[in-house]
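**Q** The structure's right below; bear with me while I get my questions together.
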Amino acid sequence: LCFKKKKKKKKNSPPTGNQTFVYEEYYGDPTRTIATGKKIGIDTSHWFAKMATKCYGKDNYEAYKGKPMLCSGQILGTGTGSVKMLDGYIDEMRANGKKNPTCVPPELPDQTLLNYMVYHNQLDITPVPYGKGAIMTIGGACTSNTGKKGLRDQLDFDGDGYILDSRGKRVPVVHQWDRCGNWMELWIRKFVASFGELPLGARWERMASAVNNGIADSVPVVKADLSSNNWVECAAENETCKCSTSVRFGSVKIDKWEAVDLSGKQQDVSCLNENSGGLFKDPAPGKHKICQCKRSL
């Protein structure tokens, strides 16, 4: 009998060398519906990039004005490549510190410096076009002034609420997704329960609570269970809670609450203590407080 020797599968080894990549911020498609024919997206004409003029002069800034904005929160690379890039970056910051106050933060922010150095070929790093790499920064589309609801048509979603890249593939990493509010509702409804009781950020928690309470745009997906009890956050202190069951006001940290019954009628309840014009006695003076709405059973 003859037996063929099985070939060992090659393990995927991490990339080596000096590879480092920086990703472009949201850079829009002017052919899409909301902003047809208009220049959209974030480029280095933005005032944030223009701050380099104070330190490096107008001519040096004009040399790359209008090119895509590179995001300092989106840098990916090998260990050696990242260290090499950071060494060059830090050396420039140290040199700037010896010049004048316009060459150091906050007059020259980190992202402003990054764009200047990359476009002047002072860093060993490769820019990656928006929508074509492992990371996408989408905040610019969500917070755009073009159209009252932003530029949602500039982003592509699949049936589970994931952001898609220019090839129609799910993006491995989405940066600034939390700026997009209800656009991410489908993803939140389907997958937030998997995070259990983790201490999520306040903005994220408020957005997820709004989804559970039906405040956000409706999506026909089963609501996620965000807590181990029957209460979900509906407003931060000094904001308004929409609820039809009961609302409680208090501190999560020390678990002290004051509650009011709404008798099944949808109401807007001010998340304030009675000294500030609200309905509640202050259960936790000096502590950060929120309002929670009781789930309908």
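The values are calculated or read from the model by the stated rules, or taken from the named source; none is laboratory data. Keep in mind that this is a model prediction, so the values were computed, not measured. All Cβ positions, glycine included, derive from the backbone under ideal geometry; neighbour counts span all protein chains shown. For accessibility, only protein heavy atoms count, side chains too; no ligands or nucleic acids. Shrake-Rupley method; radii C 1.70, N 1.55, O 1.52, S 1.80 Å.
**Q** For residues in the stretch 136-156 being out of contact with any helix residue (DSSP H, G or I) (no Cβ under 7 Å at 6 or more places or on another chain) and either at pLDDT 75 or above or at positive phi (or both), which is surrounded by the fewest Cβ atoms within 10 Å (Cβ to Cβ)?
**A** Asp156
**Q** Could you look through the stretch 50-95, keep only residues that are of a type in the set (D, E, K, R) and over 25 Å from His175 (Cβ atoms), and pick out the one that is surrounded by the fewest Cβ atoms within 10 Å (Cβ to Cβ)?
**A** Of the residues in the stretch 50-95, the ones of a type in the set (D, E, K, R) are 50, 54, 58-59, 62, 65, 67, 84, 87, 91-92, 94.
Within this subset, residues satisfying the condition of being over 25 Å from His175 (Cβ atoms) are 54, 58-59, 62, 91, 94.
Working: Lys54: 16, Lys58: 12, Asp59: 8, Glu62: 11, Asp91: 11, Arg94: 10.
The selected residue is Asp59.
**Q** For a quick check of your reading of the model, give me the residue pairs whose first member lies in the stretch 268-297 and is touching a residue at least 24 places away in the same chain (Cβ under 8 Å), whose second is open to solvent by 90 Å² or more (accessible area, probe 1.4 Å) and not in a loop (DSSP other than H, G, I, E, B), with beta-carbon atoms closer than 6 Å and at least 6 apart or on different chains.
**A** Every condition considered, the pairs that remain are Pro283/Lys256; Ala284/Lys256.
**Q** Cβ contacts < 6 Å: first residue among the hydroxyl-bearing types (Ser, Thr, Tyr), restricted to the stretch 151-175; second residue surrounded by fewer than 17 Cβ atoms within 10 Å (Cβ to Cβ), any location; separation 6+ or different chain. Result?
**A** Close Cβ pairs (under 6 Å, with a partner that is surrounded by fewer than 17 Cβ atoms within 10 Å (Cβ to Cβ)) amount to Tyr162/Arg170; Ser166/Lys132.
**Q** Test of understanding: among Trp257, Trp231, which residue is in contact with a Lys or Arg (Cβ under 6 Å, 6 or more places away or on another chain) and at pLDDT 85 or above? Break it down stepwise before answering.
**A** Numbers: Trp231 fails: at pLDDT 85 or above.
The match here is Trp257.
**Q** Which residues, taken from the stretch 162-180, are surrounded by fewer than 15 Cβ atoms within 10 Å (Cβ to Cβ) and either more than 17 Å from Gly139 (Cβ to Cβ) or of a type in the set (Ser, Thr, Tyr) (or both)?
**A** Ser166, Arg167, Gly168, Lys169, Arg170, Pro172
**Q** Which residues, taken from the stretch 27-38, are out of contact with any Ser or Thr (no Cβ under 9 Å at 6 or more places or on another chain) and either modelled with pLDDT of 85 or more or open to solvent by 60 Å² or more (accessible area, probe 1.4 Å) (or both)?
**A** Within the stretch 27-38, Tyr27, Thr31, Arg32, Thr33, Thr36 qualify.
**Q** Just one of (1) open to solvent by less than 30 Å² (accessible area, probe 1.4 Å); (2) touching a Phe, Trp or Tyr at 6+ places or on another chain (Cβ under 8 Å); (3) at pLDDT below 90 trips up Ile42, so point out which.
**A** So the condition that Ile42 fails would be (1).
**Q** Give the stretch 55-68 a look and list any residue that's in a helix (DSSP H, G or I) and out of contact with any Leu (no Cβ under 7 Å at 6 or more places or on another chain), or say none. Can you show your working first?
**A** Looking only at the stretch 55-68, we keep the residues that are in a helix (DSSP H, G or I), and these are 55-56, 58-62.
Hits for the stretch 55-68 are Tyr56, Lys58, Asp59, Asn60, Tyr61, Glu62.
**Q** Turning to a different aspect of this structure: Please enumerate the residues belonging to the stretch 106-121 that are of a type in the set (Ser, Thr, Tyr) and part of a loop (DSSP other than H, G, I, E, B). Give the derivation first.
**A** Of the stretch 106-121, the ones of a type in the set (Ser, Thr, Tyr) are 112, 116, 119.
If the condition is that a residue be of a type in the set (Ser, Thr, Tyr) and part of a loop (DSSP other than H, G, I, E, B), then no residue fits.
**Q** Still on this structure, please answer the following. Quick check on the stretch 158-170. Is at least one of its residues modelled with pLDDT under 85, assigned to a helix (DSSP H, G or I) and at positive phi?
**A** Checking the stretch 158-170: not a single residue is modelled with pLDDT under 85, assigned to a helix (DSSP H, G or I) and at positive phi.
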